[in-house]
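Data first, discussion second: the structure below is written as structure tokens.
The values are calculated or read from the model by the stated rules, or taken from the named source; none is laboratory data. None of these values were measured; they are calculated from a predicted model. As a convention, Cβ positions derive from the backbone with ideal geometry for all residues, glycine included, and neighbour counts pool all protein chains shown. Heads up: the accessible areas ignore ligands, DNA and RNA and are worked out on the full protein's heavy atoms, side chains in. Shrake-Rupley method; radii C 1.70, N 1.55, O 1.52, S 1.80 Å.
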Amino acid sequence: MARLRAIVLSLCVVLGLLSGQSAAGRYYSDKVQDKVRKEVEKAMAYNPSVGAALVRLVFHDCWINGCDGSVLLDKTPTDGTKVEKKAVNNIGLAGFEVIDTIKQKVGAAASCADILVFAGRDAADILSGGKIFYTLAGGRKDGVVSSASAADATLPHSTFDFTQLQNNFAAAGHGFTVEELVVLSGAHSIGVAHLSSYQDRLDGATATPIDSDYQAALNKTTPLDLLKKGQDPAVPNNPRDASAAFQKDAAYNPVALGVSPARGVLDNSYYHNTLENKVLFKSDWVLRTDGFAAGKLQEYRDNATEWNSDFADAMVKLSGLPAQGKNLEIRKNCRFTNQQYYY
């Protein structure tokens, strides 16, 4: 009964974020997209953290050989089990069970790649309270290749400097501008990060500039010695989403920064945090080292509506990156190629 009450309460929170829409959320005339929406709402009601995971999956799939659902595969004929989801840069990926459930509902009517980008779109819509929404067409096909080494070679690293980030986003197969780099980085207003991804920010002698109170709070919560013990804990990307004790240690007051204190919301709080040096990754901080990028950080901090619109546009572009492989298909099961799938 307690669990049921918790689920009902979570559902109320999710539906509350949908203010301005119908009480049951957004509806689509396309039957596949409507089924995806309903399942995403259910999943986020049961586990609100899965919303950020679904948004993250879009980038981590589409950045490697286009939007082909390759990040969902557990094994392939060519790569075995050394697939993208095993990549170091894909640590903490989640939401796969949601995609599996949706696939069972829609069957051959949609590829896994389509389901993934539709689910990410709906999660962003819900997490932003309906302020970030964009339309997507179907028609993507699923890839049959998924390589952990390719993912680690292609995904941007949390320790990249600005030039490395700029080159990664502009690379063939991506074609994203510095403005779009800054826009998409705003997704770090939600989700979590593992200690191994920000460990370079905790050494006071070598870290790139980081607020000292924030750094001290991180060192208290996730000391570097944990890595030596084989532990790799996670903390919220956004100090807004941390505990009251952490915020006190970090001298973080969202209201004083002009940030809504509502936890788990996809919004422009990332830009407020970045300009205060209260961000986890070096790759976040280095945006301040380029004149144009730094100007966009300030622009999006001061204009939430502009960021909402630009983020939606960037996600449309990201979700439209074409699959680059051969022998594309519509998988029967999102975790296996059709060659490997058995009824």
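Before moving on, here are some points about what is shown:
- Residue list for segment 104-125, filter: open to solvent by 10 Å² or more (accessible area, probe 1.4 Å) and of a type in the set (Lys, Arg): LYS105
- Test: residue in segment 103-120 that is under 21 Å from LYS282 (Cβ atoms) and at pLDDT 95 or above: no
- Listed by first and then second residue, the pairs linking a residue in segment 208-222 that is under 14 Å from LEU195 (Cβ atoms) to a residue that is modelled with pLDDT of 95 or more and among the acidic types (Asp, Glu), with Cβ atoms under 7 Å apart and 6 or more places separating them unless they lie on different chains, are ALA217/ASP249; LYS220/ASP249.
- Here LEU266, LEU297, LEU257, LEU287 are screened, and the one residue that is buried (at least 21 other Cβ atoms within 10 Å of the Cβ) and outside any helix (DSSP H, G or I) is LEU266.
- As a summary of the residue check, HIS194 satisfies the conditions (1) without any contact (Cβ under 8 Å) to a residue 40 or more places away in the chain; (2) in contact with a Gly (Cβ under 6 Å, 6 or more places away or on another chain) except for the one numbered (1).
- Within segment 177-210, the residues that satisfy the criterion of being over 22 Å from ALA53 (Cα atoms) and open to solvent by less than 40 Å² (accessible area, probe 1.4 Å) are VAL178, ARG201, LEU202, ALA207, THR208, ILE210.
- Test: residue in segment 106-113 that is touching a residue at least 60 places away in the same chain (Cβ under 8 Å), closer than 25 Å to LYS326 by Cβ and assigned to a loop (DSSP other than H, G, I, E, B): yes
- Looking only at segment 129-157, residues that are in contact with a strand residue (DSSP E or B) (Cβ under 7 Å, 6 or more places away or on another chain) and under 22 Å from VAL183 (Cα atoms) come to 2 in all.
- Yes/no for GLN215 being within 18 Å of ALA250 (Cα to Cα), open to solvent by 60 Å² or more (accessible area, probe 1.4 Å), at pLDDT 95 or above and among the polar types (S, T, N, Q): no
- Meets criteria (of a type outside the set (D, E, K, R) and in a loop (DSSP other than H, G, I, E, B)) for TYR271: no
- The one condition in (1) at pLDDT 95 or above; (2) not in a helix (DSSP H, G or I) that GLN199 fails to fulfil: (2)
- Tally of residues being in contact (Cβ under 8 Å) with a residue 40 or more places away in the chain and of a type outside the set (S, T, N, Q) across segment 289-298: 5
- Among the residues of segment 84-102, at least one is among the acidic types (Asp, Glu) and either touching a strand residue (DSSP E or B) at 6+ places or on another chain (Cβ under 6 Å) or surrounded by 24 or more Cβ atoms within 10 Å (Cβ to Cβ) (or both).
- Restricting segment 321-334 to residues that are open to solvent by 50 Å² or more (accessible area, probe 1.4 Å) and either part of a helix (DSSP H, G or I) or not polar (S, T, N, Q) (or both) leaves a set whose member that is farthest from LYS82 (Cα to Cα) is PRO322.
- In the set LYS317, LYS296, LYS332, LYS326, only one residue is under 18 Å from the mean Cα position of the chain (by Cα) and basic (Lys, Arg); that residue is LYS317.
- The residue that is farthest from LEU328 (Cα to Cα), counting only those in segment 137-160 that are open to solvent by 20 Å² or more (accessible area, probe 1.4 Å) and in contact with a Phe, Trp or Tyr (Cβ under 7 Å, 6 or more places away or on another chain), is SER158.
- Which numbered condition PHE246 misses (of (1) closer than 24 Å to VAL182 by Cβ; (2) open to solvent by less than 50 Å² (accessible area, probe 1.4 Å); (3) of a type in the set (A, V, I, L, M, F, W, C); (4) in a helix (DSSP H, G or I)): (1)
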